[in-house]
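Comments concern the structure below.
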């Protein structure tokens, strides 16, 4: 392969665009790597003064395309030549070259990529901002000296993390500025432009000193991960010399010192505190439920059970609906009204019964202005079952009525088909054991087509009559 | 930041430093949206290293070091004479936010001594996490140390805000727990871990957010007579039964005002290191607990060779292994070949035949690997069976004193 040498000059730093344009032109003209002299100058001077021919993008295997931007920021003057060699070989038939990490060229480029990766990682890790205030607006500034030309590649990390802050990163090569909306790259910064450290910087140094365990001193491990070159820009490292000086003596003293007389603190208290924390009444339990966090965000409030402690019959529904969530009371929406009517027809006094739900918070999907009920998942039901268990312990009803599948799941821990299990049922859960009864949830009746409604409602009232009867027997 | 807060920070960071865990990994990738603060990268970031060589990733502090419990190994036990302090919820939140904005940390690792009651303490910790997420739009990493004696709903509430939850096993056997941590109860620790494990699995299946970075635990090494083998078997059991992400091994370290019941000596750091290596063999190298046990002598790992090399030396008949032909499982058993080197070997040999020089480019520990492998231009000859092989590969006796 003979011919004149082509000189390609790229802009200083990581000139990805210039490199791409040069590669396209070189490939289009069929100039092999051994005839290209790459250099980095003040201006991008491609092919002397002759402008490169307009060429379309090159098709490269994904692995190569991904590698290029991770090597271009490297300070090694050979970086462009090596990348071009790789591209040339791949195009000349070695399509799988990147899959041969043992190849010397691939190996070297992989090492360069690794160096950039490490440099980026260390910049993300070791860069320190200082806070200043201008007219009541806080602003963060950092000075950092990376090994390679990585500022532009490192910036997106800081944008993603500190999107709502205003910050600047100054380096000896360039600077980056984020105003809360856009990133701007600028000229080199100066270390002197860094504002002074504040009280939190001193606090951070305190923290660093205190979190160090002198009995485990291992300077080699520290230096391997945090080489000394980074130290001068990290406020906490000022503490290192004193920490190291004090460590050996301090640890020896700690080991030699005989144990002091233990402080006398009442041992019975720990155990008493643990026994004491369980809610002692339904009111205490309800206070806990009221201040708890909904498992799925959105509910206005927790809807607690309602009715007298010691009620003969407890009804357990699924979860509060839209009306219940607004009013903070169970069974006050359309399904609740239907339940009241059916109870009345069956001769059950609602005021003398206990009504609650398996899940205490409303879960919904917003459609326009409407909040559409969503069925609780098995995981949600098991999260709330702690409370249902305790609640029923305090109320201690003679008979527990499960309204619908969710209530049955909460009371048994298993999915039981309603159609088959409908009727009397023995609920057993942990140490709780209740005479029970399974029937449908009243909201099921509301969803039925009109022609089926009357019959289903009749069956529901029939179930409640049996419930009333069982209740009388058990109370008897 | 005033001097009172700085003083509390010094006391409560010092009190928290015996917990080895500081990882900020495993959380799903997040970034700050408008008005929010913070992101997570998946792999986690170490923002500094202290002279003990350990990473500083999270602001690791206790809410308070007052404690009702009297665990002998703990610097904060009830009967210790250390200085005590207590942060308010707002103080922890402020420290976390201000440190985070200066790029000192990935987030918060909050633990606490037990004050008033386990529930009261857990509620306070949950309030910190909730305030960070709700009031400050904090999207960084939160690790909460869960109090196993707290009520189950509080433990579950913690999972709504935290990326990671952990409960420390601390002592691997029931007897040790009884002797050294009289108020703790192995069954409630296991129960709480199982509970968290179940919730994590459920939440994943239902695509809800609940401790997305999983749960971890810590065991103390060297405070009781438990063998390495027993520790590793315990870990393998925990990885399997409650789906733990990590078990941290913490060499028992002398503490100021130590209890008379425990040995006051330098922490067994090399032993701790070997346990981590064995743990990795189980998690990433397809070793079974029995294989790992095979690498130990009378239940203890040698200090001069790593457990993988120890296993290979005891099972020389299985070597040398041909890098151009062997199954992945067997390549993983070759000392000096890490999981990543094995992947690269398998990738490369689809396209080329590997010579020793090629292997040298794929691993940084060829010296250790050589006696156990065959390449296109290389066999180890009788090296694999040489009686002095162990001595040739053993690490020079490491100075385990302080410097």
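What ranking of A:94, A:366, B:156, B:170 emerges when the number of other C-beta atoms within 10 Å of each C-beta is taken as an exposure proxy, fewest first? Walk me through the intermediate numbers first.
Numbers: A:94 17, A:366 9, B:156 25, B:170 20.
Starting with the residue having the fewest Cβ neighbours, the order is A:366, A:94, B:170, B:156.
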Ignoring everything except DSSP H segments at least 4 long, calculate the 222 nm mean residue ellipticity for chain B; use -39,500 (n - 2.57) per segment, divide by total residues, nearest 500. -11500 deg cm²/dmol
What are the principal axis extents of the Cα atoms in region B:160-273, in Å, biggest first? 49, 30, 27
For chain A, what does the helix formula give at 222 nm: sum of -39500 (n - 2.57) over DSSP H segments with n ≥ 4, over the residue count, nearest 500 deg cm²/dmol? -13500 deg cm²/dmol
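Based on the Kirkwood radius over alpha-carbon pairs, what is the Stokes-Einstein translational diffusion coefficient of region A:199-256 at 20 °C with 1.002 mPa s viscosity, in µm²/s?
Working: Rh = 12.3 Å.
The diffusion coefficient I find is 174 µm²/s.
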What percentages, rounded to whole numbers, describe P(r) for region B:129-170 computed over all alpha carbon pairs with 5 Å bin width beginning at zero? 6, 23, 30, 21, 13, 6, 1
Report the relative contact order of region A:282-475, percent, no decimals, based on alpha-carbon pairs under 8 angstrom and at least 6 residues apart. 24 percent
Restricting to Cα pairs below 8 Å that are 6+ residues apart, what does the relative contact order work out to for region B:316-393? Please round to a whole percent. 37 percent
Please give the helix A:199-211 orientation as an angle from the longest Cα principal axis of chain A, in degrees from 0 to 90, rounded to the nearest 10. 80 degrees
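Per-residue Cβ counts within 10 Å, from other chains only, averaged over A:196-209: what number is that? Don't skip to the answer; put the middle values down first.
Numbers: counts 0, 1, 3, 6, 11, 5, 3, 11, 12, 1, 8, 15, 8, 5.
The mean count of partner-chain Cβ atoms within 10 Å per residue comes to 6.
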How far, in nm, would the chain grow between residue B:376 and residue B:239 when pulled straight, counting 0.36 nm per residue and subtracting the alpha carbon separation? 45.4 nm
Taking each residue in A:221-232, count the Cβ atoms of any other chain within 10 Å of its Cβ, then average. What number comes out? 3
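May I ask you to compute the full-extension gain from residue A:223 to residue A:461, defined as 0.36 nm times their residue separation minus their alpha-carbon distance, rounded to one decimal in nm? Could the numbers behind the result be given before it?
On the way: separation 238, 0.36 × 238 = 85.68 nm, distance 7.78 nm.
Computed gain between residue A:223 and residue A:461 is 77.9 nm.
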May I ask you to sort A:363, A:327 by Cβ crowding, counting other Cβ atoms within 10 Å and putting the fewest first? A:327, A:363
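Which ordering of A:167, A:386, A:204 is given by a fewest-first count of other beta-carbon atoms within 10 Å? Don't jump to the answer; show the numbers that get you there.
On the way: A:167 22, A:386 18, A:204 27.
Fewest to most other Cβ atoms nearby, the residues stand as A:386, A:167, A:204.
For region B:238-361, what relative contact order do you get, as a whole percent, if you take Cα pairs closer than 8 Å and at least 6 residues apart? Show your work: numbers first, answer last.
On the way: 96 pairs, mean separation 19.3, N = 124.
Contact order relative to length: 16 percent.
Using the alpha carbons of chain A, what is the convex hull volume per residue in cubic angstrom, as a whole number?
On the way: hull volume 148.8 nm³, N = 476.
Value for chain A: 313 Å³ per residue.
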So if I restrict to the alpha-carbon atoms in region A:282-475, what is the Rg, and what is Dmax, the biggest pairwise distance, in Å? 15.6, 49
Taking each residue of B:29-42 in turn, how many C-beta atoms of other protein chains fall within 10 Å of its C-beta, and what is the average? 4
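Determine, from the Cβ-Cβ distance of residue B:315 and residue B:386 and an R0 of 22 Å, the FRET efficiency 1/(1 + (r/R0)^6), rounded to the nearest 0.05.
Details: r = 15 Å, r/R0 = 0.69.
So the FRET efficiency works out to roughly 0.90.
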Compute the FRET efficiency between residue B:339 and residue A:124 as 1/(1 + (r/R0)^6), taking r as their Cβ-Cβ distance and R0 = 25 Å, and round to the nearest 0.05. 0.50
If I take all pairs of Cα atoms in region A:145-233, what percentage of them are more than 19 Å from each other? 57 percent
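Region A:6-121: Rg/Rh from Cα coordinates, Kirkwood Rh?
Checking Rg against Rh, the ratio lands at 0.94.
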If the viscosity is 0.890 mPa s and the temperature 25 °C, what Stokes-Einstein diffusion coefficient in µm²/s follows for region B:316-393 when Rh is the Kirkwood radius over Cα pairs? 198 µm²/s
Length gained, residue A:447-residue A:133, 0.36 nm per residue minus C-alpha separation, equals 107.0 nm
For chain B, find the longest principal axis of its Cα atoms and tell me its angle to the long axis of helix B:152-161, 0 to 90°, nearest 10. 70 degrees
How big is the protein assembly as shown by Rg and Dmax over its Cα atoms, in Å? 32.7, 111
Can you give the log10 of the normalised intensity I(q)/I(0) at q = 0.10 Å⁻¹, computed with Debye over equal Cα scatterers of chain B? -0.75
Over the Cα atoms, compute the radius of gyration (one decimal) and Dmax (the largest Cα-Cα distance, rounded to a whole number) for region A:297-390, in Å. 13.6, 43
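Using per-residue counts of other Cβ atoms within 10 Å, averaged over each peptide, order B:386-393, A:20-27 from highest down.
Details: B:386-393: 12.8, A:20-27: 19.2.
Descending mean neighbour count gives A:20-27, B:386-393.
Is region B:3-209 rounded, prolate or oblate when judged by the Cα gyration tensor, a ≥ b ≥ c being the square roots of its eigenvalues, rounded requiring a/c under 1.5 and prolate requiring a/b larger than b/c? Don't skip to the end; give the middle numbers.
Values: a/c = 1.64, a/b = 1.20, b/c = 1.37.
Oblate shape, in that a/c is at least 1.5 and b/c is the bigger or equal ratio.
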For region B:257-403, what is the largest minus smallest coordinate of the Cα atoms on each principal axis, given in angstrom and ordered from greatest to least? 63, 31, 30
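Tell me, what is a quarter of the convex hull surface for the C-alpha atoms of region A:340-427, in nm² with one decimal? List each step's numbers first, then the result.
Numbers: hull surface 29.4 nm².
Averaging across all directions leaves 7.3 nm² for the Cα convex hull.
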Hey, what angle do you get for helix A:104-126 against the long axis of chain A, alpha-carbon based, 0 to 90 degrees rounded to 10? 60 degrees
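Please give the FRET efficiency for residue A:337 paired with residue B:209, using the beta carbon to beta carbon distance and R0 = 35 Å, rounded to the nearest 0.05. Before the final figure, lay out the partial values.
Details: r = 35 Å, r/R0 = 1.01.
E(calc), rounded to 0.05, equals 0.50.
Where a number appears in this text, it was derived from the coordinates with a stated rule and is not lab data. Small disclaimer: the values here were computed from a predicted structure and weren't measured. Cβ coordinates were reconstructed from backbone atoms using ideal geometry, including for glycine residues, and neighbour counts include every protein chain displayed.
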